[in-house]
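Notes follow once the structure below has been shown.
Read-outs: derived from the displayed coordinates by stated rules, not from any lab. Just so it is clear, the structure is predicted and the values come from calculations on it, not from any experiment. All Cβ positions, glycine included, derive from the backbone under ideal geometry; neighbour counts span all protein chains shown.
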Amino acid sequence: MRIVRTVDEMTRWSLARRREGLTIGLVPTMGALHSGHVSLLRALRPQVDLLICSIFVNPLQFAEGEDLDAYPRDEDGDAAVCDAEGVDVVFMPDTMYAEGHDTRVTVGTISKRWEGAARPTHFEGVATVVARLFGVTRCDVAAFGEKDYQQLAVIRRMVADLALPVRVVGCPIVRDDDGLALSSRNVYLTAEQRARARTLSQALFMLQREASGGLRDATILEERAATRVNSDQLEYLSVVDAQTLEPVDSVAGPCRVLAVAHYGTTRLLDNVEVS
Ligand code: AMP
């Protein structure tokens with residue numbers, strides 16, 4: 001397994017492999033790898049000749065006062081995980097941006113609500129780094145988790161709108177035994193917060209069961225679920241159209257429930273399918 005630390009070296013390697021006719025898969029991450037990230041690596045490994053895992057804590061997607069500096073980092077642990085999963089290249093650049101970088105990729109309506117409303121520059125940062133990672137790695141296919149459901153929708157929109165030659169694969173959420181969605185940020189939780197955090201996924205699963213049982217009214221479903229979440233602040237818990245992410249009045253077609261709850265200073269995201 002090769003560790004690449006510069007954009008130039010990554011670009012040269014990718015171009016050379018493409019000229020040899022080899023296919024390339026990319027799993028973009030911010031590191032502190034866990035089983036959720038591993039599921040993305042395992043989804044792509046059989047589909048490509050060469051697998052790249054990028055690890056870059058992207059300053060562009062953090063706003064002032066967010067956890068950029070505190071974000072968990074574990075280079076050696078991450079390299080060991082990648083090696084065990086048959087990754088060919090771990091791309092861990094110190095920076096993704098050359099001197100004078102002055103381009104941002106802005107995706108429209110789908111990036112405005114939910115996470116976009118809470119973190120106004122977040123998706124611009126995500127779309128910009130992902131577009132650049134696609135350019136640098138020349139990947140044929142890239143995997144993203146449904147854990148960040150809106151992010152996946154933003155990336156699909158960008159790829160379609162800019163006709164980027166990359167196939168996007170969405171992978172299901174990997175959860176702890178008690179249902180909590182795995183996240184690098186879970187390490188911030190105290191034992192007491194971690195114990196309460198399981199109520200977020202439990203409330204979403206209960207909503208899913210109630211919808212399957214025939215309860216269709218979105219407001220009632222949301223209110224019942226909200227009372228079950230034991231958090232310090234429930235920022236949003238909304239039934240939305242699975243494609244547009246616009247709120248719905250009733251569960252009539254494919255929907256998703258998007259939720260964010262705060263535990264102390266930690267924001268936890270989760271979502272489930274309902275239809
Ligand atoms: P991050 O390192 O948090 O930027 O995540 C990198 C990728 O892993 C993103 O596509 C996430 O959606 C995905 N991911 C993170 N947590 C999970 C999880 N629990 N299950 C599935 N995918 C995940």
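Residue pairs whose Cβ atoms lie under 6 Å apart, separated by 6 or more positions or on different chains, with the first residue in segment 215-226 and more than 9 Å from Ala203 (Cα to Cα) and the second loosely packed, with under 14 Cβ neighbours inside 10 Å, are Ala218/Asp249. Would it be correct to say that Gln208 is away from the ligand (no atom under 15 Å from the Cβ) and of a type outside the set (A, V, I, L, M, F, W, C)? Criteria met by Gln208.
Restricting attention to segment 159-177, the residues that are free of Cβ contacts under 8 Å to residues at least 24 places away in the same chain and exposed (fewer than 13 other Cβ atoms within 10 Å of the Cβ) total 3.
Looking across Thr219, Thr244, Thr199, one residue alone is surrounded by fewer than 16 Cβ atoms within 10 Å (Cβ to Cβ) and not in a loop (DSSP other than H, G, I, E, B). It is Thr219. Counting only helices (runs of 4 or more DSSP H) that sit wholly inside segment 63-146, those with at least 1 residues that are in contact with a strand residue (DSSP E or B) (Cβ under 7 Å, 6 or more places away or on another chain), in contact (Cβ under 8 Å) with a residue 24 or more places away in the chain and surrounded by fewer than 18 Cβ atoms within 10 Å (Cβ to Cβ) are 115-118. Taken over segment 4-63, the criterion of being closer than 17 Å to Val141 by Cβ and small (Gly, Ala, Ser) is satisfied by Ser14, Gly21, Gly25, Ser39, Ala43, Ser54. When residues of segment 52-62 are filtered for being under 23 Å from Val4 (Cβ atoms) and not in a helix (DSSP H, G or I), how many remain? Counting residues in segment 52-62 that are under 23 Å from Val4 (Cβ atoms) and not in a helix (DSSP H, G or I) gives 7. Among the conditions (1) free of Cβ contacts under 8 Å to residues at least 12 places away in the same chain; (2) more than 16 Å from the ligand (Cβ to nearest atom); (3) not charged (D, E, K, R), the only one that Leu22 does not satisfy is (1). When each of Gly36, Gly31 is tested for being part of a helix (DSSP H, G or I) and within 13 Å of the ligand (Cβ to nearest atom), the lone residue that passes is Gly36. Being within 18 Å of the chain's Cα centre (by Cα), assigned to a helix (DSSP H, G or I), within 22 Å of Ala117 (Cα to Cα) and touching a residue at least 60 places away in the same chain (Cβ under 8 Å): is that true of Arg267 here? In short, no.
Filtering Val187, Val260 for residues that are in contact (Cβ under 8 Å) with a residue 24 or more places away in the chain, closer than 26 Å to Leu68 by Cβ and part of a helix (DSSP H, G or I) leaves a single hit, Val187.
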